[in-house]
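A short reminder: the numbers here are calculations on the coordinates, not readings from a lab. Please read all numbers here as calculations on a predicted model, not as lab measurements. All Cβ positions, glycine included, derive from the backbone under ideal geometry; neighbour counts span all protein chains shown.
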Amino acid sequence: MFKVFQAEWRKLRRPVLVLGSLASSLFFTVLVTVFMFKNIDNPQGNADRGASIGRPILESASGSITAVSQVGLFLGITALCIFAAQSAQEYTYGTLRNLLVRQPARLKLLAGKFAAMKSFALLIAVVNISVSIAIAFTLSDGAKVSTAMWFTNEGLAAIARSSLNIFISIVYFGVLGITLGLIFRSPISSISIGVIWSLILEGLLFFVNENIPKWTPVSQFNTIAAGGSADISYTHALTLGTSYVFLGTIISAILFAKRDVAN
Amino acid sequence: MSTNASVGKNAIEVHGLTKRYKNLAALSEANFSVPTGTICGFVGPNGAGKTTTIRMLLGLITPTEGSAHVLGFPVSEPEKYLSQVGAMIEGPAFYPALTGIENLRVLATMGNIAQERVAELIDLVGLQGRGGDKYKTYSLGMKQRLGIAAALLPNPQLLILDEPTNGLDPEGIQEVRDLIKKLAGEGKTIFVSSHLLSELEIISQYIVMLRKGEVVFSGPIEELLFAQKPTIIVKTEVLSDLEKIVAIAEAAGHPAVIRHGEAHIEGPHEWAATLNRTAFEAGIVLSQLNPTMPNLEETFFEMTGAR
């Protein structure tokens, strides 16, 4: 499996892919972090859907990581797109047949690819978290936010905890991407469906019944990144999100292991 | 990799191999074998089931019925033999944004093959100086060469090539032919499908011929060609005289047809002198009288009805 991991990284390490993924995810991270600190006193709010995140929250031990925790959806969608494209393009390019000739153990191949993509997601998470904390620290003086608690033991524990949650969320979005990629075998179809579902359909379902997001996958993944929300508890999101991921993994494994490679 | 005692005789053995998609039989109860160390041509019209067969031999698709063994191992256990098999299936397929060298390195890493092999193969297939360019900038011929290099990565005992000369210029075709002969000379088994039947006739010792998902012949190429009836090919100075030639031949009990401005008469070569004399007496001037044995292409058309 390690050989598959190494081989996959030969593809993932392309500068266009690495820099493109980082640029698209950092765009949202930087935007949200700057917006949160620059608009801290704005009566129209400084967070998602007009919510206000005030000084007491930003000055708490988890204040350094509050901004990036709000970007979970965008980081997740970046991962979804990368994972979906990397898995589906093997079918559209016809390269899967080459890979399977060199590594016929299909589940080993899938596991190796998945591990490589997880490590790529970890890279995205670490860079985004680091940049967000750096920007937050830089803007804290201007926003009159005390950072005294940020780097205490409690603060570092909060950073570690939130980083883990963001990483879990990104990986869960990625599993959704892989599953869609293997089902549709087309990067365009799988990414379109994944993004439309994540950004539009789940939002519309909220207007049909405001309890529906408590049970939909993207809401759970997003809530995990944020460490819980007013509507969905962290434990609920983690349990239900993990169930979705487990189901997605089973579907991916069955499709990949059993389906004829006929193109 | 472990070895299997039964590898010695046949590199590929296929028994009753069938692949059905719903009601369509892509391959129906195929039986053939490919002796170790030979070059075996795999021929058939488009849609005859060649690529389906190759995919089953490589473990990419599952047979509906029947069995097949590659290097002595069943196709249901591809991990036991694929480390000794190189393949190019349905043309080359690589990542467009990676260079030729990077594409080979991905496969070498995946198959636990030494990276030094990549440079050797880039040279062997004539891609020196272009290996560092992105695959998407390659011509069809260069893509084909990279595909052959990828197939050769594991220094395979068995090489399966699907249309390896597709897109190559005459010089490239000759290079591939020489390469295949060289590899066979090293004791490797080559299973090669191609529409260039004249090329296959030159290099193959064995032939497996498919038609509509069924094997219509498998065996030594001499056996195939010698089983065909000798033919006399006739051209006349006046084109309309060809019909008279056909009439003369049929009156003498030799079936004949007009094809591409020539009369093709089934008959022993000795009868050519009789025909020449009879035509002269009838006032027909022959511009060509050529006793011949059918070549692979003619035999292919005859047996598959592909013309």
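Brief remarks on what is shown
- Peptide A:7-15 has a mean shielding of 4, counted as Cβ atoms of other protein chains within 10 Å of each residue's Cβ.
- Restricted to Cα atoms, the protein assembly as shown shows a radius of gyration and a Dmax of 32.6, 118 angstrom.
- Counts of other chain beta carbons within 10 angstrom of each beta carbon in peptide A:189-195 average 0.
- Residues with amide H under 5 Å from that of B:Leu210, placed H, sequence gap 5 or more: B:Val43, B:Gly44, B:Val216
- The stretch B:242-307-the stretch A:218-263 distance, computed between alpha-carbon centres (Å): 72
- Given charges at beta-carbon only (K, R positive; D, E negative), |dipole| of the stretch B:228-304 in Debye: 100
- Calculated from backbone phi, Karplus (6.51, -1.76, 1.60) coupling profile of the stretch B:271-279 in Hz, x at Gly/Pro: 6, 4, 5, 4, 4, 4, 5, 4, 5
- Within the stretch A:197-263, the trypsin sites (Lys or Arg not before Pro) that combine a DSSP coil assignment with at most 16 other C-beta atoms in a 10 angstrom radius are A:Arg259.
- Relative contact order (percent, whole number), the stretch B:228-304, Cα cutoff 8 Å, 6+ residue spacing: 44
- Where Rh is the Kirkwood radius over Cα pairs, Rg/Rh for chain A: 1.01
- Peptide packing for A:189-201, A:83-95, B:25-37 was compared via the average number of neighbouring C-beta atoms within 10 Å per residue; ordered from the highest value, the list is A:83-95, B:25-37, A:189-201.
- This model, with +1 at the C-beta of Lys and Arg and -1 at the C-beta of Asp and Glu, gives the protein assembly as shown a dipole about its Cα centre of some 1820 debye.
- Here the Karplus curve 6.51 cos²θ - 1.76 cosθ + 1.60, taken at θ = phi - 60°, turns the phi angles of the stretch B:231-242 into couplings of 10, 10, 9, 10, 10, 10, 4, 9, 4, 5, 5, 4 Hz, with x standing for Gly and Pro.
- Percent RCO, i.e. relative contact order, over the stretch B:5-225, from Cα pairs under 8 Å lying at least 6 residues apart: 28
- Inverse of mean 1/r across different Cα pairs in the stretch B:46-142, Kirkwood, Å: 15.3
- Approximate spin-label separation A:Lys108-B:Glu214, in nm, with each point projected 7 Å along Cα-to-Cβ: 4.1
- Shown for the stretch B:5-225 is the translational diffusion coefficient from the Stokes-Einstein equation, using the Kirkwood radius over Cα pairs, a temperature of 10 °C and a viscosity of 1.306 mPa s: 90 µm²/s.
- Distance from the stretch B:82-126 to the stretch A:123-172 (C-alpha centre basis), Å: 43
- Listed residue (A:Ile129, A:Ser189, A:Ala225) projecting farthest to the positive dipole end of chain A, Cβ model: A:Ser189
- Estimated FRET transfer efficiency when R0 is 51 angstrom, pair A:Ser233-B:Tyr21 (beta carbons, to 0.05): 0.55
- Rounded to the nearest whole Hz, the Karplus-based 3J(HN,Hα) values (6.51 cos²θ - 1.76 cosθ + 1.60, θ = phi - 60°) of the stretch A:151-164 follow the sequence 10, 6, 4, 5, x, 5, 5, 5, 4, 4, 5, 5, 4, 4, with x at glycine and proline.
- Annotation: extensible slack from B:Glu237 through B:Thr292 equals 17.8 nm (criterion: 0.36 nm per residue apart, minus Cα-Cα distance).
- Shielding by partners, peptide B:99-110 (average Cβ within 10 angstrom, other chains): 5
- Ranked by the mean number of other Cβ atoms within 10 Å of their residues, highest first, the peptides B:41-53, B:137-149 come out as B:41-53, B:137-149.
- A protection proxy built from the mean count of other Cβ atoms within 10 Å ranks the segments A:236-243, B:86-93, most packed first, as B:86-93, A:236-243.
- Across the stretch B:228-304 the C-alpha pair distances fall into 5 Å bins from zero in the proportions 3, 17, 30, 27, 14, 7, 2, 0 percent.
- Ordering B:Thr292, B:Phe280, B:Phe73 by the projection of their Cα atoms onto the charge dipole of the protein assembly as shown, which places +1 on the Cβ of Lys and Arg and -1 on the Cβ of Asp and Glu, puts B:Phe73 at the extreme positive end.
- Inverse mean reciprocal Cα-Cα distance (Kirkwood Rh) of the stretch B:56-98, Å: 11.8
- Members of B:Lys9/B:Lys181; A:Lys108/B:Lys22; B:Lys143/B:Lys181 lying beyond 27 Å, as alpha-carbon distances in this model show: A:Lys108/B:Lys22
- This model, with +1 at the C-beta of Lys and Arg and -1 at the C-beta of Asp and Glu, gives chain B a dipole about its Cα centre of some 900 debye.
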